[in-house]
């Protein structure tokens, strides 16, 4: 499967959705969804962006319809199209942001129309269908990237300043996650206790420092598996694991499959192939 649209009522939605594809999930109502066991509340019209092998659970106070667009990275590569649509690190693959967006009613209706156009093109499979479908996907990503970047800017200007310790932790994590996986390293660097750091980070990002450390390592692992031809052993070493097999167990515990199986299912990006 390269691209597919699925629709059902929330009551018929899988208890846990996990797939080797990129997923765009659209629905309305109120309730709670979880991505990789982190809970987020929602209200109104919601669109959610998931990378391969992220785990989604969805609950709602009403039995509305939910629609899912699935596309494989070989079909539409978000890395290859990053100049046109800056969605990688904004809609997808950002461990610090809520993966969902509250849509306006107009955008909700419009995106569902685009879903229906994609479904029609996918069923007809004429000469130009693939190009048309990719254009529709790009339009959805562009609309939502614009809205999410606007929301990020307004939240910075309108709300209280983010917690300094949480912001500094994020900077330290980005600089040291390959080699430093213990909470104490980061709290010592900031000259605060583990407990103080944990409270600040949880309040700012709705995740513990330990969860963010793990997610950052897994995010980089997925990136290297998908965007390079490096061996699992080389990737393990780059991420500070002296034992390739321990790295594989670590990865499988979080993702649900081994690094080798992840690469087989998700594939190696055209970006890696172009850089050879």
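Every read-out reported here was derived from the displayed coordinates using simple, explicitly stated rules and does not represent laboratory data. None of these values were measured; they are calculated from a predicted model. Positions of Cβ are generated from backbone atoms using ideal geometry, with glycine treated the same way; all protein chains shown enter the neighbour counts.
Counting neighbouring beta carbons within 10 Å and listing from fewest to most, the residues 23, 59 come out as 59, 23. The Cα center of the range 8-52 and the Cα center of the range 189-249 differ in position by 24 Å. Length gained on full extension, residue 264 to residue 2, computed as 0.36 nm times the residue gap minus the Cα-Cα distance: 92.8 nm.
Relative to the longest principal Cα axis of the chain, at what angle does helix 164-176 sit, 0 to 90 degrees, rounded to 10? It works out to around 90 degrees. Our note on the geometry: Cα centres of the range 95-146 and the range 250-271, 26 Å apart. When the square roots of the Cα gyration tensor eigenvalues are ordered a ≥ b ≥ c, the ratio a/c for the range 67-140 is 1.5 or more and a/b does not exceed b/c, which makes its shape oblate.
What is the fewest-to-most order of 216, 105 by other Cβ atoms lying within 10 Å of their Cβ? Kindly include the intermediate steps, with their values, before the conclusion.
On the way: 216 20, 105 10.
Least to most surrounded, the residues fall as 105, 216.
Exposure proxy for 79, 124: other Cβ atoms within 10 Å of each Cβ, ordered fewest to most, give 124, 79.
Between helix 209-227 and the chain there is an angle of about 60 degrees, using the helix long axis and the longest principal axis of the Cα atoms.
Using only C-alpha positions, report the orientation-averaged shadow area of the convex hull of the range 164-274, nm², one decimal.
Numbers: hull surface 29.5 nm².
Orientation-averaged projected area of the Cα hull: 7.4 nm².
At the listed q of 0.07, 0.08, 0.09, 0.14 Å⁻¹, the Debye profile of the chain, built from one uniform point per Cα, gives log10 I(q)/I(0) equal to -0.27, -0.36, -0.45, -1.11.
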